[in-house]
Every structure is written in C-alpha cells, then in structure tokens.
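To start, the structure itself, in structure tokens.
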Amino acid sequence: MKDTGFRNAMTWLHTWAGLLPGWVLFAIFVTGTASYFRPEITAWMQPEAPRRVSALVAGQHALAHLAEVAPDAPRWAISLPDARTSELKVFWQEPPARRFKSAELDPQGGAESTARKTYGGEFFYRFHFQLMLPHPWGRWIACFAAAFMLVALVSGVATHRRLLADMFLFRRTRDGRRPWLDFHNVTAVLALPFYVLIAYSALVVFTHMYMPWAGKALDARGEKPAKPAVTGAVAGGEGPTVDTVSVDEIFTTTAKLWGEERSVRRIDVTDRGTPGATITLTRADGGAVSLHAREVSKFSAVTGEPIEQAEKTGPGRAVGGWLYGFHLARFADPVLRTLFFVMGAMGTAMTGTGLALWTLKRREKLSSAGRGGRFGYWLVSRLNIAFVTGLPIACAAYFWANRLVPAGLAGRDQWEINAVLITWAVTALHAFVRPERAGWREQFAVGAVAFGGLPLLDLATGGRFDGLHAGFAAVFFALAAFCGLGARKLSKTSAA
Amino acid sequence: MPTASPTPSPYSRAARARPGYRRAVASRALAATAGGYALAALCAAAVALLSGAPRDEAIALAVLPALVAQIAAAVWAFWAASATRAWLGIAAPAAVFGVIIVWIQHFAA
C-alpha cells in the first residue's frame, strides 16, 4: 500500500478537477449528445418540409437561384440535401462585405423555403462548444472544460486499485452514497475510451485557437503559410481567360457519377469572373472516419479541367483528421450513431452523478463536523439542480416552443431560443429558492410532464407516423420515465 | 530515494490544518493550469520546429504530444510531494523545450 498517498492525491484531484468544470461539462454532454442527430432534430422541427429529396434537382435549383440573386458575387457556396437532411442552403459573398449572405430554398421547387424558421439541431450543436456566450469566450471555456475533463479522467482512473474488478461492481445497498458511486464508476469505465477520445479530439479540433504556438514558432522562423498557386490562368495563351464553364454542367456530371446515395453535399465556387476561378464539389459523408479523407473534386472554372490537389498527408494530419472525424461521427451509419448517442448519454449520466456525489460526500462531512462549508454546499447543490434537471427542461421547452410559436411569426427562430433561456432562468431561480429535496422532486416532475407531453404535442401539431418521429417519441418517453422515477423516489422515501 | 513507508497525502485533514496549506494548493493550481499550458505551448513549438514537416503537417503533429504534456503536467502538479516540486517538475521539461526552440530559431540552418 505504498501508493496510498498517490491514490489519495488523485482522489482529491478528481474531486476538484471534476467539480469545477462539472456543470459546463454536463451542459456540453447534453447538447453534444443531441448534436449526433443534428439534421434529424431539424427535420423533426420542420415537419412540413419534404423528406429524402434529390441532391441533383436541389443543386440545379440552387445554381439557378444564385445566378439570379448574385450574378456578380465572386464566391458562391451551396449546402445540398443528403440522406439525413432535406435542407438546401445557398451562400454568396459580395465585397466589400466579408459576411456571406444566405437563403434557404425549397429543394423541390427552388423558391425560398416556406418551412417554419428554426435553428433546429444547429442550436444544440452551437451550444455544445459556444455555450451561448459571445465569441470566443464559449469556445475557450469549452476547451478548458475538455482539458479539465481529461485530468479528471486520468485522476479518476488512478483512484482505482482494481479498475477491471470495479468495472463490474454494482452494490445494491441501502447505504446512501454507494449506488451513486457505483453508477458513476460503471458509466465512467464502460465508455472510458470514448470520453478520452471525445475530450482529446475536442482540443485537437480547436488547435488553431487553443494551441496556436506551433504555427507562431514556424512563422517566426520565416515559414509563412504557403499561398496556393493560382491555377487555370493561361498567360498569353489562346482560349478564354475568365470562367465560362457551366457550374451546372460540372455539378450534374459529378452528381450523376457519384449517384444519389452519396451525392454532392457541397458546391463551392471561388474567384468567379477571374482567371483563377475554381469549382469544388464535396461528396456526402459515409466513407472513411477521417475528415481529411473526404472525397473532393476541384475544377478550374476557366477550362473545366480537374485540378490535382496537392497531397496533404503525414502522420499528424492523418491522426488529426481521424480525431476530428471521430468527434463529429458523421461517418457513422444509423446504428453506430445510435451507439455514439448512448455513450454520450452515459457521459451525461457520469457527469450528473459525479456532481451529485460531491454533495452527498459533503453532506456526510457537514453532519459529522458541523463546521463551515455550508455556503459551498448550498451553491453546489442548487447549481446541480439548475443544470442536471433545469437544462433538460429548458431543452424540452425548445421543442415545445417549436410547435407553439406561430409558424409565420417574424423572428420565431429566435423565440425558440428565448424559450430555452427563459425556462432555464426560471428553473435556476426555482432551484435556488426551494429546499434541495423539493427542488429536485419538483423539477423531476416538471421534466416528466415536459418530455412525456412532447410526442403527443408532435402528433397534434403536424408530426408524421414514421421512423423519425417514432424514434424521437421513444427518446422523449424514456427521458420522461427517468424523470418520473426520480420524482417518485424522492416523494416516497420520507425526508432525508 | 523513495522509501517503502506510506507517503501521507498532501491533502489529508492533517495537511489541511498546517499553515500555508491554502497557498500551497493555490500554487499547485497555478502550476497545473498556467504551467501546464505553458509547457504544452513550448512542446508544440519545439515539436513543430523539430519535425521539419510542411506547416500544416507540423502544426497538426505538434498539438498531439503537447496536449498529453499539458494533462500530464496538471496531474503531476497535484501528485508531487510539494508545491515546489510541482513547479520544478513542469519547469524542467519546459526548459528543455525552450532550449530546443531557441537553438533551432537562432543556430540551426
């Protein structure tokens, strides 16, 4: 037992490296897990939008639209529907404006989309790394939370003498803290590689912001970023010197070549009207894990000839691209994606039980010692309620608002977000003014009603009988059942 | 030399009662966060310069060990027997990376 000191130090570190970012991590786990189904959430939130549309038809509509509204814009970009989304978005940039203008189109008719305006799944995706904070604060906080999480994972593993044995240990006792601890351990250990990879890859994704020092050192040495050589310009040669190639033609040919199953997902046209104009087509996800393995075809818009892309390879980019692709999980088929979702849900449970454990442990100490630390207990226990039950209730409010805010209301997409903020503020206030136990019980009860009602609301307001809506109903009912169990357990046993 | 006798935890109840405990923990926390990040930054810069790879590849490669160094430093900061050792254990590898950076920037061709 000569490593007792080490294990005690790691236990101490695990407690604090886990608690400090705990609430942020919980929020990131909730919204990040939802983000695995980002396009599906958008589809649920736009039940009037068409499903499974042709990328080929949509792309032709988009190009026609851009030719009409932005004939002179030097940059065009089009995001096309695929197997998971029917969204068709066009973007264009007209100097001196640096911001892109955009429009959402009906993928079948080509006119401006008439589906209700919503951020859909994008809200959860943005939240999970921007935290609804002004740029770049949310990203920095999310990065530090990821770094803390890695420290908490390492120290958490180090506290265990027998990791494998503890993995299968679940004590069903009446002892207050034991089941929580076991549940925390089981959720932590079962998906441990997933947590390590998801936190590590999060930091790799933000290398440019979080760890820019390698680039700065190289720049200081005089290795300025290489500018890609302008291709396609034929100095003094015959033939056209500006882009005359039909984007539509190149797109249509490629889309037919790639097939509907994994068609073109994105079209980028750059430097339009100049000799360096290019057309880039990106194929829909579904191939390799790595983002760098994306299938991309680039053409000169002057000659129509394909442009050979400089091979960007090397172990660093290979590993980095794999980690980025793993983090987004866009490569995954529905079954694998569901598995990722389940591991995300386990991570949510791990952070939630970890936060609860801090208060359970502290409560024992408070009752035995009777000294200071009551303020810390009060703050942590109420923040726990505001995040662990308050945030999911606020997320349920997002879906409720989606169906209750009138479809034609101006700025309705913002009102869906406001519904989240207002609901979260109310749950937080409730958490801080109510006694701890009542706070949990009442929020669990509200959560049960809020989630349990969503499938019924869906059916009453345009939901369809299909796999997507059935899947959402299953998840909503599961969350409602979990909340209901929590509320029931807290009201059955007499006051602790 | 490490002995076989059990090392007392630097965070035990007895340790908490000692004067200077709070300052020592604050010092470790600073070593773990600021020290750990500085070590990672120097590691990234040194590895990128050493790799001799093209810019994109060098940056992508260098961040991988840098993040490991950051987490290791943070764990070490609270593992070390004292706050002073915590700082020394981070400063030593940081100095090595610093020397590598200065060497390559100023003396290598």
Dipole of the protein assembly as shown, positive direction: furthest Cα of A:H208, B:A108, A:I141, with charges on the beta-carbon = A:I141
Can you bin segment A:389-496 into rounded, prolate or oblate? Criterion: square roots of the alpha carbon gyration tensor eigenvalues sorted a ≥ b ≥ c, rounded for a/c under 1.5, prolate for a/b above b/c, oblate for the rest.
-> oblate
Treat every Asp and Glu Cβ in segment A:389-496 as -1 and every Lys and Arg Cβ as +1, leave all other atoms uncharged, and give the resulting dipole magnitude about the Cα centre to the nearest 20 debye.
-> 400
How high is the relative contact order of segment A:264-303, given as a whole-number percent (alpha carbon pairs under 8 Å, six or more residues apart)?
-> 40
Segment A:95-165: chymotrypsin sites (Phe, Trp or Tyr not before Pro) in DSSP coil with no more than 15 other Cβ atoms inside 10 Å | A:F100
Which of the listed residues, B:V68, A:G321, A:A460, is farthest toward the dipole's positive end in the protein assembly as shown, when Lys, Arg count +1 and Asp, Glu count -1 at the beta-carbon?
-> B:V68
When you look at the Cβ of every residue in A:146-159, what mean number of other chain Cβ atoms sits within 10 Å?
-> 3
Let me have the 222 nm mean residue ellipticity of chain B computed from DSSP H runs of 4+ only, each contributing -39500 (n - 2.57), with the sum over all residues rounded to the nearest 500.
-> -24500 deg cm²/dmol
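Please identify the GluC sites (Glu not before Pro) of segment A:268-361 that satisfy two criteria: DSSP loop assignment and at most 10 other Cβ atoms within 10 Å. Which are they?
Of the GluC sites (Glu not before Pro), the ones in loops of segment A:268-361 whose Cβ has at most 10 other Cβ atoms within 10 Å are A:E308, A:E311.
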Which of the trypsin sites (Lys or Arg not before Pro) found in segment A:1-84 are in a DSSP loop and have at most 14 neighbouring Cβ atoms, other than their own, within 10 Å?
-> A:K2, A:R51, A:R52
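Looking at the square roots a ≥ b ≥ c of the eigenvalues of the Cα gyration tensor of the protein assembly as shown, which shape do they give, rounded for a/c under 1.5, prolate if a/b is larger than b/c, or oblate?
Oblate shape, in that a/c is at least 1.5 and b/c is the bigger or equal ratio.
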In terms of the Cα gyration tensor, with a ≥ b ≥ c the square roots of its eigenvalues, is chain B rounded because a/c is under 1.5, prolate because a/b exceeds b/c, or oblate?
-> prolate
Choose one of A:F399, B:W79, A:V53: the residue whose Cα lies farthest towards the positive end of the charge dipole of the protein assembly as shown (beta-carbon charges +1 Lys, Arg; -1 Asp, Glu; about the Cα centre).
-> B:W79
Taking the Cβ of each residue in A:L456, A:L105 as the centre, tally the other Cβ atoms inside 10 Å and list the residues starting with the fewest.
-> A:L456, A:L105
How do B:C43, A:C395, A:C143 line up, fewest other C-beta atoms within 10 Å first?
-> A:C143, A:C395, B:C43
Can you tell me the dipole magnitude for the protein assembly as shown around its Cα centre, using point charges on the Cβ only (Lys, Arg +1; Asp, Glu -1), in Debye to the nearest 20?
-> 3940
Burial-style ranking of A:333-341, A:33-41, B:94-102, average other-beta-carbon count within 10 Å with highest first, yields A:33-41, B:94-102, A:333-341
Given the rule -39500 (n - 2.57) for each run of at least 4 DSSP H residues, summed and divided by the residues of chain A, what is its mean residue ellipticity at 222 nm, to the nearest 500 deg cm²/dmol?
-> -19500 deg cm²/dmol
With Cα atoms, 0 to 90° folded angle of helix B:55-79 axis to chain B main axis = 10
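No lab work stands behind these numbers, since they all come straight from the coordinates. What you see is a predicted model; the values in this text were computed from it and never measured. Note: ideal-geometry Cβ built from the backbone for every residue, glycine included; neighbour counts use all protein chains shown.
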